[in-house]
Amino acid sequence: MRSSTRSRSAWPASNWALLALLAARFAVGVAVALSVPPWESYDEPGHFQYARYVAVNGHLLTPGDPDAERIWSRFQPPLYYVLIAPLMAFFDLGEQPIEPIRNPYFTGGESGLNYAVAASDPSPAERSQLAALQAARLLGVGLSTLSLLFVYQAARRLWPGRPWQALSAAGLFGFWPQYVFLGSMLTNDLLITALGAPLVYLVVRISQTGVTFRNAGWLALLTAAAILTKLNGLAFLVPAGLAVMLSLARARKGAIPGRVIALFGGLIILTLAALSNLEFVTGQVLKLETLTRFWSNVSTSGISLTDLAYSLVYSAQTFLASFGWGNVEAWPWVYPLYAGILALSGLGLAVALWRGRGSSAHPLPGLFLSFLLLPCLFGMALALTIAQGDRYLVVGRYVMPALAPLVLVLIAGWSELWTERWRARATTALMLMLAGISAGIPFGILAPVYAVPQPADSTDLAGLDTTMAAVYAPGMRLLGARLAEADGPEARLSIFVCWQADRRIDGNFPLQLALIGPDGQGYAHTTTYPGRGNYPTSLWKPGVPFCDRYALKVRGDFPAPALGAVELRFLTSPQDPTQISATGPDGTPFPRSPSIPAVVHGQQPGESETPTVVTDVRFGEAIVLEGYTIHPREDGTGLTVTLFWRSLASVSDDLIVFAHLRSSPTDAYAQADARPRAGGYPTPLWRPGELIADAHDFVFDPAQAPPLTLYVGLYSEAGRLPAVVANGVELPNGEFLAPVP
């Protein structure tokens with residue numbers, strides 16, 4: 001017989017699973033914190049400067065203090081910074097806060113996604129401040145991990161007989177991609193999101209057991225903490241206040257002492273009074289001018305359904321996964337996957353409500369009261385967007401405090417899609433799948449975005465075209481490149497270049513890439529630091545080669561298909577576009593900038609470029625003349641002949657097209673011998689299956705011209721290619737003949 005003592009001391013499997021869940025969440029959070037370089041979270045420098053000020057001075061920001069006035073995040077309520085300041089005080093925070101070296105090109109995907117670039121030789125004080133930043137991040141990982149416990153306890157209250165469903169809710173909350181990122185950075189969005197978890201627990205508890213002096217006090221303190229963390233914490237007043245009022249309304253007369261109301265209301269009033277005395281807070285957003293701008297923008301222009309739809313989509317997308325400074329996203333398939341899960345969950349809730357079942361999906365008061373936090377937060381963000389006239393202010397992280405109730409509603413609906421036998425397995429599988437996605441984010445998304453190029457090996461350097469090798473004055477050496485290619489206009493041109501520093505380089509010199517077409521015009525350009533913005537020249541290691549990739553979006557009017565060139569220019573600084581001089585390896589100056597060949601392949605010619613005469617003549621084994629068009633030049637001085645070639649396979653020989661207008665087989669009245677497309681698209685660049693429109697101009701006086709015949713063929717250094725018509729007959733001299741109208 002099992003003793004009662006042993007039964008009481010035995011831990012259920014769900015508790016061990018909860019511990020494993022917390023450990024996994026903490027590990028993923030640490031991985032994110034370590035994979036993201038300093039300052040690569042929205043406003044992280046400002047949050048750090050705020051916390052450092054409190055740690056160094058021992059008090060809140062002082063209006064009029066120049067050090068306080070320079071802090072970006074000075075308009076934020078102070079609680080988050082007060083909490084992390086004691087930890088940061090253990091580090092040497094220096095005389096002045098670190099001013100990150102900003103990457104001026106981080107807003108464009110082709111120019112890198114990092115907000116800051118690393119210093120080449122940080123001072124000891126700077127290294128200590130960076131250590132303080134990392135310690136604060138790890139503290140945030142711990143806080144965000146512990147918040148899972150409140151979601152778990154709220155779920156146990158909602159579904160007391162389903163511990164695995166409660167575990168799934170806690171895991172889904174903890175591994176929500178956006179919360180994993182925010183929970184690993186230095187940001188007050190972390191704390192306000194974490195506070196949403198105990199809010200839902202307290203609201204559920206009060207709705208089930210009634211309000212007491214004790215839980216009303218905790219709820220008031222929690223709401224006060226949210227308000228003093230971030231201004232969107234004001235939304236906590238709605239579910240918290242309703243939970244207290246509804247509980248009071250259900251209580252027997254005299255059962256709830258008036259001191260509950262006094263406690264809850266008094267703490268909230270004191271909090272709002274304290275907030276109103278923070279000059280930086282009231283001087284930025286929390287002021288009458290914001291309300292008047294809101295009303296003015298609504299009354300003058302109104303809000304269109306299109307704007308509202310965009311705000312909803314943008315808010316939902318960034319609520320799910322938006323990393324860095326809002327410019328790094330998850331894998332594209334993640335967003336529709338989560339949308340599908342939410343849709344299925346909504347279906348489960350709708351079915352349960354339609355059937356009127358008293359199950360987990362029934363609108364339990366506490367759960368749905370806390371869920372009111374979501375529309376309140378979104379409404380506040382939308383109002384701020386209207387007031388400021390900036391549609392991007394409806395950002396998902398402003399709505400993150402509603403994550404806990406949203407996850408519980410999602411799990412409630414999801415569980416209704418399954419029978420009792422499969423419910424635990426289905427909710428656990430959902431949680432594990434989404435946890436696996438978040439676990440892959442630091443390694444599959446964040447680390448690659450901020451990675452610096454690795455030293456080049458023999459494979460990287462093999463096959464480089466070294467004819468454009470060059471040395472730029474400060475010591476940047478262009479080792480070589482590979483042919484850059486794009487599928488067509490409006491496509492991206494992929495560029496592969498290898499570099500090496502000849503010596504230590506003092507300064508970060510921007511690299512400008514410009515696509516020049518065969519007509520000498522520019523069709524794309526970008527300016528960046530090498531290594532996707534992560535490897536500026538001051539970080540290059542002397543004598544260590546590395547290779548880099550860039551991408552340029554080709555303008556739609558590029559005369560494709562054609563061979564152009566990408567010029568590589570180093571500039572003096574982001575503010576000074578003066579080009580740095582470059583020489584060849586032998587010291588010969590470049591007349592222009594060093595450049596690499598770039599080919600933009602074309603699309604099939606449009607209807608306006610289809611041949612008027614269809615032919616079927618094969619030259620050699622790989623090229624077919626499918627037709628031609630002959631028409632007068634626009635100025636009346638001669639003819640334009642357009643030949644339509646199709647490649648059947650890759651062509652290694654650099655072929656010359658001859659197109660002659662002859663008055664007799666031996667008398668060329670006008671002729672054009674050139675590589676296809678006026679030399680702009682040599683045959684070795686042709687792709688199999690590609691159709692090439694190749695125009696040749698003949699300038700002469702039509703009134704004086706004798707009767708002419710068009711002769712067409714292809715030749716290389718080895719001689720002419722044989723020409724064969726469709727029936728297999730070989731044409732004499734490898735020439736195709738056509739009458740000229």
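What to note about this one:
- Each residue in the stretch 384-401 was checked for being in a helix (DSSP H, G or I) and either polar (S, T, N, Q) or modelled with pLDDT of 70 or more (or both), and 8 pass.
A quick yes/no check of all residues on (1) touching a strand residue (DSSP E or B) at 6+ places or on another chain (Cβ under 8 Å); (2) in a helix (DSSP H, G or I); (3) within 18 Å of Phe378 (Cα to Cα); (4) modelled with pLDDT under 85:
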{"position": "Leu246", "(1), (2), (3), (4)": "no, yes, no, yes"}
{"position": "Ala249", "(1), (2), (3), (4)": "no, yes, no, yes"}
{"position": "Gly254", "(1), (2), (3), (4)": "no, no, no, yes"}
{"position": "Val260", "(1), (2), (3), (4)": "no, yes, no, yes"}
{"position": "Leu270", "(1), (2), (3), (4)": "no, yes, no, no"}
{"position": "Gln284", "(1), (2), (3), (4)": "no, no, no, yes"}
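- Residue in the stretch 688-700 that is without any contact (Cβ under 8 Å) to a residue 40 or more places away in the chain and outside any strand (DSSP E or B) present: no
- Residues considered: Gly413, Gly366. Of these, the only one that is at pLDDT below 85, part of a helix (DSSP H, G or I) and surrounded by 19 or more Cβ atoms within 10 Å (Cβ to Cβ) is Gly366.
- Check on Ala659, part of a strand (DSSP E or B), within 20 Å of Val712 (Cα to Cα) and not aromatic (Phe, Trp, Tyr): yes
- Count - residues of the stretch 632-660 that are without any contact (Cβ under 8 Å) to a residue 60 or more places away in the chain and either surrounded by fewer than 16 Cβ atoms within 10 Å (Cβ to Cβ) or not hydrophobic (A, V, I, L, M, F, W, C) (or both): 11
- When restricted to residues that are touching a Gly at 6+ places or on another chain (Cβ under 7 Å) and farther than 25 Å from Asn188 by Cβ, the stretch 98-116 contains 3.
- On inspection, Pro706 qualifies as touching a Ser or Thr at 6+ places or on another chain (Cβ under 6 Å), farther than 22 Å from Pro518 by Cβ and exposed (fewer than 15 other Cβ atoms within 10 Å of the Cβ).
- Subset of the stretch 449-505 [under 24 Å from the mean Cα position of the chain (by Cα), among the hydroxyl-bearing types (Ser, Thr, Tyr) and part of a loop (DSSP other than H, G, I, E, B)]: Tyr450
- Contact map, the stretch 199-215: residues that are over 12 Å from Pro405 (Cα atoms) paired with residues that are surrounded by fewer than 20 Cβ atoms within 10 Å (Cβ to Cβ) and small (Gly, Ala, Ser), Cβ distance under 9 Å, separation 6+ or inter-chain. Pairs shown: Gly210/Ala251; Gly210/Ala255; Val211/Ala251.
- The stretch 129-186, subset free of Cβ contacts under 8 Å to residues at least 40 places away in the same chain and not in a helix (DSSP H, G or I), residue nearest to Gly396 (Cα to Cα): Pro160
- If only residues of the stretch 633-651 that are on the phi < 0 side of the Ramachandran plot and modelled with pLDDT under 90 are counted, the one that is farthest from the chain's Cα centre (by Cα) is Thr637.
- Residue pairs whose Cβ atoms lie under 6 Å apart, separated by 6 or more positions or on different chains, with the first residue in the stretch 720-739 and closer than 22 Å to Thr629 by Cβ and the second among the charged types (D, E, K, R) and exposed (fewer than 14 other Cβ atoms within 10 Å of the Cβ), are Ala726/Asp616.
- Whichever residue in the stretch 510-566 is on the phi > 0 side of the Ramachandran plot and within 19 Å of the chain's Cα centre (by Cα) and, among such residues, is surrounded by the most Cβ atoms within 10 Å (Cβ to Cβ): Arg532
- Positions within the stretch 418-448 being under 24 Å from Gln165 (Cα atoms), assigned to a helix (DSSP H, G or I) and not hydrophobic (A, V, I, L, M, F, W, C), in sequence order: Glu420, Arg421, Arg423, Arg425, Thr427, Thr428, Gly436, Ser438, Gly440
- Residue among Pro405, Pro474, Pro455 that alone is under 30 Å from Leu367 (Cα atoms), in contact with a Phe, Trp or Tyr (Cβ under 7 Å, 6 or more places away or on another chain), modelled with pLDDT of 90 or more and not aliphatic (A, V, I, L, M): Pro405
- Out of Gly241, Gly233, sole residue that is free of Cβ contacts under 8 Å to residues at least 40 places away in the same chain and not hydrophobic (A, V, I, L, M, F, W, C): Gly241
- Within the option set Val313, Val238, Val204, being surrounded by fewer than 16 Cβ atoms within 10 Å (Cβ to Cβ), modelled with pLDDT of 85 or more, over 29 Å from Ala68 (Cα atoms) and under 41 Å from the mean Cα position of the chain (by Cα) holds for one residue only, Val313.
- Some residue of the stretch 608-631 being free of Cβ contacts under 8 Å to residues at least 40 places away in the same chain and over 24 Å from Trp686 (Cα atoms): yes
Residue-wise test of (1) touching a Leu at 6+ places or on another chain (Cβ under 7 Å); (2) β-branched (Val, Ile, Thr); (3) within 30 Å of Ser647 (Cβ to Cβ); (4) assigned to a loop (DSSP other than H, G, I, E, B).
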| site | (1), (2), (3), (4) |
| --- | --- |
| Phe509 | yes, no, no, yes |
| Gly520 | no, no, yes, yes |
| Ala524 | yes, no, yes, no |
| Asn534 | no, no, no, yes |
| Val544 | no, yes, no, yes |
| Ala551 | yes, no, yes, no |
| Arg569 | no, no, no, no |
| Gln575 | no, no, no, yes |
| Thr615 | yes, yes, yes, no |
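The values are calculated or read from the model by the stated rules, or taken from the named source; none is laboratory data. Because the structure is predicted, anything quoted here is derived from the model rather than measured. FYI the Cβ positions are ideal-geometry reconstructions off the backbone, even for glycines, and counts take in every protein chain you see.
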